[in-house]
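Undergrad: Encoded as structure tokens, here's the structure I'll be asking about.
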């Protein structure tokens, strides 16, 4: 038998090495995957709650009804800021309710320094949970350096409010200011052709004016005063202050500050807004005594609410059985087609609604709306699915969040019942069309458009050509038709005549109180109240609530869970400079977004621009 050649032995040895390396890499990759899945689904969630601990409500970023789409891997490897984080309102409320019944949780601590925005409407939905927690006999403490106006409304519901000696409470009132682009658009030779139906349809004003119209100032002032009245009365009741005390604090802040030698924290104490001034070490000592336990770092023992609710909330596996109420969230701008979470896609939301109401066991649908509107075409696609649900005998109840106006009201108008929070902004029943053209800008740089077409309208909707007069007439006619259709839809949905709806329309924006009095909505309450109402309409008492989302692939589910886990770790890198820069660039971003959302195929829009303050 001949010996194996030297070359073959060398190649065989090389191949053996490659095989061993490949197997080693495969094993390493497998172990990394196991570790990854453990981190995402298991790590930290099986840790028991300490025998004595506070629930730490340390919300970061913005509180929302639905989280926006995020790239999980980017969230994992990129620098994180509190401004980027989103917290589900449902997680906050559920965590508080679980903690109220948990014997291991003996108190609740709110650290709100990283909370960028929650809004008065969502705060009003959190407040009942705080009241239930307090009724369980457990104290609530709010701890902060400077409390912003948004943070303080939540903090005022604590039994004890603690500020840093160099801190204070910053209140200023509500306002609605936005940028106007008429002059800027003229300077860069961009023509935005707008057509509107409704005397108070102010969504087009940024394109055609350099200031807010007098009529819009009157309308906006009405609902702003309503919101501010709710804010001040809530704080004054919670802090046992005289009526008017909050306005006095704001309007005479300079005098108060001067009387305290410039000490804003002492001014807050003197005004009754804060109970104690403690340094961070002293604050920790106070909380250690309150909680009765410390962690290994000597800090008061606490469990972070996001990880706590993930542990306490029952996991859902497989198909749900029994009677269910499906809750579908519509949050953000309404745009055509499929859109990611945090934006309302006409097709994607319609498909979600249809799938929810056709699922076995679903007896009613609650549509949670938090939107200032957008595309009329996309809104109509969604409305048709609401009607389809009702045609199937499934009751539909709308729960309006901070704002459900214009397109947000359009998709809600024909529900069986409409619920609002006390500070919901709604209405804005009006239509406008917008079509930008850039022919003058191109002319300035020596670019010209010319050619031929087979008809008078061929090529008339090119953005590099002047708007055809026939198209102008057609858009005027289309806007009027769309407006009349909107009035008829509201009249039919609210069991009113068009003549009764007309004074409520015209683009007017209404507070929850005024909308209730005028018949545009039915009841005031939280999302939970709307769910109970839906169950009543369906005639069921024993049911589960199913929060319906677009179906995800196993890969997407894994990545979404990873994004949630990264967020729950609060891996924020504070950057004052980046936050300030974001604030400075906000007007530029807003201007770009105004043009970017003009995506309706018929160029017809149902939007409330001024309602953004309430989101």
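Read-outs throughout are calculated quantities, based only on the coordinates presented, and are distinct from any laboratory measurement. Quick caveat: nothing in here was measured; it's all calculated off a predicted structure. Note: ideal-geometry Cβ built from the backbone for every residue, glycine included; neighbour counts use all protein chains shown.
Undergrad: At 25 °C and 0.890 mPa s, grab the translational diffusion coefficient of the stretch 84-123 from Stokes-Einstein with a Kirkwood Rh over Cα pairs, rounded to a whole number in µm² per second. Please report the intermediate quantities before stating the final value.
TA: Numbers: Rh = 11.8 Å.
The diffusion coefficient I find is 208 µm²/s.
Undergrad: How are the Cα pair distances of the stretch 156-270 distributed, in percent, across 5 Å bins from 0?
TA: 2, 9, 14, 15, 13, 10, 9, 9, 9, 6, 4, 0
Undergrad: Wrap a convex hull around the Cα atoms of the stretch 243-383, take a quarter of its surface area, and give that in square nanometres.
TA: Numbers: hull surface 64.2 nm².
Across all orientations, the stretch 243-383 yields a mean hull projection of 16.0 nm².
Undergrad: Could I ask something else about it? Take the Cβ-Cβ distance between residue 390 and residue 179 as r, set R0 to 56 Å, and report the resulting FRET efficiency rounded to the nearest 0.05. Show your work: numbers first, answer last.
TA: Working: r = 41 Å, r/R0 = 0.73.
Once the sixth-power term is evaluated, E becomes 0.85.
Undergrad: The stretch 351-386 to the stretch 459-480: how many Å between their Cα centroids?
TA: A separation of 32 Å, based on Cα centres.
Undergrad: Can you give the FRET efficiency for residue 259 and residue 172, using 1/(1 + (r/R0)^6), R0 = 25 Å, r = Cβ-Cβ distance, to the nearest 0.05?
TA: Values: r = 19 Å, r/R0 = 0.77.
Rounded to the nearest 0.05, the efficiency is 0.85.
Undergrad: Also: Please state, to two decimals, what the Cα-based radius of gyration of the stretch 323-456 comes to when divided by 2.2 N^0.38 Å (N = residues). Numbers along the way, then the final one.
TA: Working: Rg = 19.2 Å, N = 134, 2.2 N^0.38 = 14.1 Å.
Output field value: 1.35.
Undergrad: Report the Rg/Rh value for the stretch 405-462, based on alpha-carbon coordinates and the Kirkwood definition of Rh. Let's see the in-between values first.
TA: Details: Rg = 21.3 Å, Rh = 16.1 Å.
Across the stretch 405-462, the Cα-based Rg/Rh ratio is 1.32.
Undergrad: Along each principal axis of its Cα atoms, how long is the stretch 273-338 end to end? Whole angstroms, biggest number first, please.
TA: Here the spans come out as 53, 32, 22 Å, largest first.
Undergrad: With every atom except the alpha carbons ignored, what do you get for Rg and Dmax of the stretch 263-306, in angstroms?
TA: Computed over the Cα atoms of the stretch 263-306, radius of gyration and Dmax are 13.4, 38 Å.
Undergrad: Looking only at the stretch 424-458, which residues have a backbone nitrogen under 13 Å from a spot 7 Å from the Cα of residue 464 in the C-beta direction?
TA: 438-452
Undergrad: Translational diffusion coefficient, Stokes-Einstein: compute it for the stretch 430-559 using the Kirkwood radius over C-alpha pairs as Rh, at 25 °C and 0.890 mPa s, and state it as an integer in µm² s⁻¹.
TA: Values: Rh = 20.5 Å.
D = 120 µm²/s.
Undergrad: Please work out the Cα convex hull volume for the stretch 128-224 and give it in Å³ per residue. List each step's numbers first, then the result.
TA: Working: hull volume 16.0 nm³, N = 97.
So the per-residue Cα hull volume is 165 Å³.
Undergrad: Would you please put 297-305, 483-491 in order of how densely packed they are, using the mean number of other Cβ atoms within 10 angstrom per residue and starting with the highest? Mind showing how you got there, number by number?
TA: Details: 297-305: 17.9, 483-491: 19.6.
The peptides rank, most packed first, as 483-491, 297-305.
Undergrad: Please give the length that would be gained between residue 104 and residue 8 if that part of the chain were fully extended, namely 0.36 nm times their separation in residues minus their C-alpha to C-alpha distance (nm, one decimal). Display every interim value, and only then the final one.
TA: Details: separation 96, 0.36 × 96 = 34.56 nm, distance 6.96 nm.
Here the answer is 27.6 nm.
Undergrad: Given points 7 Å out from each Cα along the Cα-Cβ axis, report the residue 354 to residue 480 separation in nanometres with one decimal.
TA: 3.5 nm
Undergrad: For 122, 312, what's the fewest-to-most ordering of other Cβ within 10 Å of each Cβ?
TA: Values: 122 26, 312 17.
So the ranking, lowest neighbour count to highest, is 312, 122.
Undergrad: I would also like to ask the following. Would you mind calculating the gained length between residue 447 and residue 276 on full extension (0.36 nm times residue separation, minus the Cα-Cα distance), in nm to one decimal?
TA: Numbers: separation 171, 0.36 × 171 = 61.56 nm, distance 6.73 nm.
Additional length available on full extension: 54.8 nm.
Undergrad: Can you tell me the Rg and Dmax of the stretch 204-275, counting just the alpha carbons, in angstroms?
TA: 17.0, 49
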